[in-house]
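**Q** Just dropping this structure here.
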Amino acid sequence: MDVAAFDRLATTFAAFHAAFAPLFGRDEAQEHSEQYLRGLFVQHADRRNAENLAEAIAGASPRALQRFVTDSPWDDARVLTRLQRVVGTHLSAPDGVWVLDDSGFPKQGKHSVGVARQYCGQLSKQDTCQVAVSLSVANDHASLPIA
């Protein structure tokens, strides 16, 4: 999504973020959470790291975003629970289904957890990769990762 497209959704995004901002604690952390999320939407680099996100957001600092992700004392379980409640209301329809999916991510090295020579769907063959299994709920309108 480019910045212009995001600007058209800015009011909706602000309301969405407002539901989560208090979970991040201090005002500074709340501001960094907004910058981080906005950066995820608008930056176009292949790698999503604090430096690339900060380049896409005016006034954001790579160091501050990195510190927000690694050192801020917010509880990710509380954020995930709130997300499930907010988005879940849109998915509670009779046409909803559970989706169990395994996704393979090709890897070069062996330093990441779970990296081994195994089947990788992205490559359609066995190779060095990392596999993640996710559970989601979905309907015709949206999907939500559960675990």
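Any read-out appearing in this document is the output of simple, stated calculations on the displayed coordinates, not a laboratory observation. The structure displayed is predicted, hence computed values, not measured ones. Backbone-built Cβ (ideal geometry, glycine too); neighbour counts: all protein chains shown.
**Q** Expressed as a rounded percentage, what relative contact order does the range 1-128 have, with Cα pairs under 8 Å and six or more residues apart?
**A** Relative contact order of the range 1-128: 17 percent.
**Q** Given the Cα-Cα distance of L123 and F105 and 0.36 nm per residue of separation, how much length would full extension add, in nm?
**A** 5.6 nm
**Q** Given bins 5 angstrom wide, list per bin the percent of all Cα-Cα distances in the range 1-50, short to long.
**A** In whole percents, the pair-distance histogram is 4, 20, 28, 23, 17, 8, 0.
**Q** Something else about it: Scan the range 52-147 for chymotrypsin sites (Phe, Trp or Tyr not before Pro) in coil per DSSP, keeping those whose Cβ has at most 10 other Cβ atoms within 10 Å, and list them by number.
**A** Qualifying residues, ordered by number: none.
**Q** Using a Förster radius of 41 Å, what is the FRET efficiency between S134 and A18 based on their Cβ-Cβ separation? Nearest 0.05, please.
**A** For R0 = 41 Å, the calculated efficiency reads 0.90.
**Q** Can you give the percent of C-alpha pairs in the chain whose distance is more than 20 Å?
**A** 63
**Q** To continue, here is another question. Do the sum for the chain: with -39,500 (n - 2.57) for every DSSP H run of n ≥ 4, divided by all residues, what is the mean residue ellipticity at 222 nm, to the nearest 500 deg cm²/dmol?
**A** Roughly -13000 deg cm²/dmol at 222 nm, from the helical runs in the chain.
**Q** Moving to a separate point now. Assign unit charges at the C-beta atoms only (+1 for Lys and Arg, -1 for Asp and Glu), then state the dipole size of the chain relative to its Cα centre in Debye, rounded to the nearest 20.
**A** Value, rounded to 20: 380 debye.
**Q** Using a Förster radius of 35 Å, what is the FRET efficiency between W98 and D2 based on their Cβ-Cβ separation? Nearest 0.05, please.
**A** The pair W98/D2 has a calculated efficiency of 0.55.
**Q** Go from 0 up to the bin containing the longest alpha carbon distance in the range 95-145, width 10 Å each, and give me the % of pairs per bin.
**A** Computed distribution, short to long bins: 26, 37, 26, 11, 0.
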